[in-house]
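The values are calculated or read from the model by the stated rules, or taken from the named source; none is laboratory data. From a predicted model like this one, the values you see are computed outputs, not experimental measurements. Using ideal geometry, Cβ is built from the backbone for each residue, glycine included, and neighbour counts are taken over all protein chains shown. Quick note on the areas: whole protein, heavy atoms, side chains included, nothing else; ligands and nucleic acids left out. Shrake-Rupley method; radii C 1.70, N 1.55, O 1.52, S 1.80 Å.
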Amino acid sequence: MKKLFTILGCTLVLVCVAGTSYAQKTVTGTITDADSGEALIGVNILVKGTDTGTITDIDGTYSIDGVDENTVLVFSYTGYNDQEVLVGGQTVIDVALSAGAILDEIVVIGYGTVKKSDATGAVTGVSEKDFNQGVIASPEQLIQGRAAGVQITSASGEPGAGVNIRIRGTSSVRSGNNPLFVVDGVPLSGEDTGAGISGGAFSDGRMGSRNPLNFLNPNDIASIDILKDASATAIYGSRGANGVVLITTKKGKFGQDLLSYDYSIGFSTISKKYDLLGKDAFLDAYESFNGVDARNSLDGGTTTDWQDEIFRQGVSHNHNFSFGGGDQVSDYRFSFSYSDQEGIVETSGLERYTARINANRKFLDEKLNIGVQVTAATTRDDNVAITENSGFAGDLLGAALKANPSAPVYNPDGTFRQAGEDEPNPVAIFNLSDDFTNTLRALGSLSAEYKITDHLSFKSVIGFDRSISERRAAFSRDLVAQGIVGKGRAYFNDIEIDNRLWENYFTYNRDIATNVSFTGLLGYSYQSFDITSSAIEMTNFRTSDLDLMLNNTASVDLSRDNSIVPTNSSSSFDEIQSFFGRVNVGVQSKYLFTGTLRADGSTRFGEGNQYGYFPSFAFKWRLIEEDWVPEVFADLGLRLGWGVTGNQEIPHNLFQERQRYSDWDIDNGGNVNGGGLGSVAFANPDLQWETTSQINLGIDFGFLDYRLTGSLDFYKKNTDDLLIKVTSAQPAVSPFVWNNLDADV
């Protein structure tokens, strides 16, 4: 009997212990900011070691079922330090999360990411919370003035105008100086995707280039990281000489099914008009040179401010719609936007529709991750006759600045008052012309990353950047301007760019010894650039109707010579094949070493000079880890880097002897004279890469618990073997030859 009671007692104890150990319960609580006390929305709460979890709601509260006293809950939120809490006997767990140190921020570098504290190169990361606010028309405006050593200016005030981005100044004399733009791992082609006009309405006017980032919706961008020194950009080799801008778009968030819509409206106006002579002062000056009779013949009897006639207050509308979400194995985000931006010059503007999808999903026990990112945008530019190099007759702006302020805009019969071909009426210019560009652009990638082991992974990326653009411009024969009056003129220009990418690389990450970390990258890249363009010019129209001129060739009088002229057409195909590698070694989290090497082969150079080799080395000493550093410092680090990058942004196949049809010439009477086939450059098989070497010394510092942080950098940059078009000593068969200038800048 005693033995029986002993067995029953032990059984009862085991049951009680088991019940105590495994009794499941529900835990609730509120998550707040440790400094402000404000509730945090969307905080991730996970049961440590599992995929079970939840997120906080709009009030910062949460509830999680099925936990026991031995459960450890992990609370994580972007920008805050993770916190782990043992449940124990608690059923209510309130947590105050503290903001993470700025050094724990992640910055994007070539083919990967790194903690800001471990960045050995000069890298500036700007996240969404630090972007410029207000009405943003294009992505570069998000970071304008936000990164030291980066100057961003617009080529003009025209909507969609070209943008000049200079990272640590200008590297090349003639070749491209804009940085390489990489969107979600896909390098953009760098070409001007908008169709232009080789000639122009007035003299030899040429319209400016367009912003290469116009197709992106700024609301889709999560962060922009800028690689500034050669030790950071050398991983991109031949395309990193002018710096690299890495654009990362937004993704869906775990446990957050979000639907959002926002609208903004903006107004723009000219900040300051040109200070020109008024009517009386203008006539007085004219009389002093030409006499009173000339004054009387010039006086139109009215007062006209021609700047007021062509300028207006522009209104911009932006609509953004998005939805997305995610779970443990997948995330997605879809967005659609519409932007309508009026220019400050009458009839100018930009209209854009953009759609984007970003999706990722894991397979095979989360070892394989498949990602898809696609952006499609259609843009319409409403152009005006403002050119880069107008002749003496002037363009729209030039005509307004020199127009007679005593002349009326209209004649008594309501027609435009047009004094002559050399004095075009500015209001008549934009009323008797129609000029627009339609561009369809798609950018995307399909990536697959497989985790071979806990330390080794392989990633393959297929990317594309394709654009089709057409420009149509017509000038009525009623417009009294040189080469147009009585004839009319129309331009039809098309350009198609197909940029394709295929990249494969291995990443190895492991601690190879106590306090020694190692990360290795080894990869291959292939990119092709296929560009086709054509241009046709028409004149001698039977009608003044602009729609008929643009849509019906029957409106052209074909009985007259040179009424339809193919002014230019071209086709080029270039390729870049690359092999690249990078090694990162960290010792005691104090001494950080980085070495990279990239070999680029380009078809833009002759067989003997196709490959360029671009190495870099960098070292960082995290002084903050030393005991002798004063406690006043929250961060202190010393960086030293050196590297070589290249530039191949020159026209196609310049190492070969080139022939083309010379440009069709338009004489002062508007007559089109034919051209002919001839050499435009001699062969130069010795043409080779333009290279830029850079040495950088930097100090990173932080005070007041990272409330005050910054960097100081000293650098020296030299460019050798400058690619430049050299004028041939005359007389010569070819007017110029492409060469490498034997000098450095």
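Using the Cβ of Arg542 as centre and a radius below 11 Å, the other residues enclosed give a net charge of +1, where K and R count +1 and D and E count -1. For the set Thr233, Thr170, the ranking by accessible area, highest first and with no ligand, DNA or RNA atoms included, is Thr170, Thr233 under a 1.4 Å probe. In region 365-460, the inverse of the mean reciprocal separation of distinct Cα atoms equals 18.6 Å; this is its Kirkwood hydrodynamic radius. When Rg and the Kirkwood radius Rh are both evaluated on Cα atoms of region 70-156, their ratio Rg/Rh stands at 1.15. Going down the list Lys115/Lys250; Lys250/Lys590; Lys228/Lys250; Lys25/Lys129; Lys459/Lys590, which pairs span over 27 Å between their C-alpha atoms? Listed pairs above 27 Å: Lys250/Lys590; Lys25/Lys129; Lys459/Lys590. Here the peptides 117-126, 147-156 are ranked by packing, the mean other Cβ count within 10 Å, and the order with the highest first is 117-126, 147-156. Compute the whole-percent fraction of alpha carbon pairs in region 339-383 spaced more than 12 Å apart. In whole percent, the long-distance tail amounts to 70. With all pairs of separate Cα atoms included, region 233-292 yields a Kirkwood hydrodynamic radius of 19.7 Å. Put a dot 7 Å past the Cα of Gln730, heading toward its Cβ, do the same for Phe518, and the two dots end up 6.4 nm apart. Within the chain, DSSP assigns beta bridges of which about 95% are antiparallel (rounded to the nearest 5). All Cα-Cα distances of the chain, cut into 10 Å bins from zero to the largest, leave 2, 11, 18, 21, 18, 12, 8, 5, 2, 1, 1, 0, 0, 0, 0 percent in each bin in turn. Taking a Cβ cut-off of under 14 Å around Asp600, the surrounding Lys, Arg, Asp and Glu residues balance to a net charge of -2, with basic ones at +1 and acidic ones at -1.
In this structure Ile265 has an accessible area near 80 Å², from a 1.4 Å probe over the protein heavy atoms.
Per residue, the chain exposes 48 Å² of solvent-accessible protein surface, assessed with a 1.4 angstrom probe and all protein chains in place.
For the chain, the longest principal axis of the alpha carbon atoms and the long axis of helix 2-22 meet at an angle near 20°. For region 232-389, the relative contact order works out to 22 percent when only alpha carbon pairs closer than 8 Å and six or more residues apart are counted. Along region 564-570 the Karplus relation, 6.51 cos²θ - 1.76 cosθ + 1.60 evaluated at θ = phi - 60°, assigns HN-Hα couplings of 10, 10, x, 7, 5, 7, 7 Hz to successive residues, with x for each Gly and Pro. When you count the other C-beta atoms within 10 angstrom of each residue and take the mean per peptide, 369-378, 335-344, 558-567 line up highest first as 335-344, 369-378, 558-567. One quarter of the convex hull surface built on the alpha carbon atoms of region 528-603 amounts to 10.3 nm², the projected area averaged over directions. In the chain, helical runs assigned H by DSSP with n ≥ 4 each contribute -39500 (n - 2.57); averaged across all residues and rounded to the nearest 500, the mean residue ellipticity at 222 nm is -2500 deg cm²/dmol.
Look at the alpha carbon pairs under 8 Å that are at least 6 residues apart: their mean separation over the length of the chain gives a relative contact order of 10 percent.
Taking the inverse of the mean reciprocal distance over all distinct Cα pairs, the Kirkwood hydrodynamic radius of region 475-602 comes to 19.9 Å.
Helix 279-290 and the longest principal axis of the Cα set of the chain meet at an angle near 50°. Here is the tail figure for region 226-266: Cα pairs spaced more than 12 Å apart come to 70 percent of all pairs. Of all aspartates and glutamates in the structure, the ones whose alpha carbon falls short of 14 Å from that of Lys716, not counting any fewer than 8 places away in one chain, are Asp229, Asp744.
Spin-label model, Phe573/Trp628: points 7 Å from Cα along the beta carbon direction are separated by 6.3 nm. Based on alpha-carbon centroids, what's the gap between region 302-366 and region 564-640 in Å, whole number please? Computed from Cα coordinates, the inter-centre distance equals 33 Å. Expressed per residue, the C-alpha convex hull volume of region 415-544 stands at 168 Å³.
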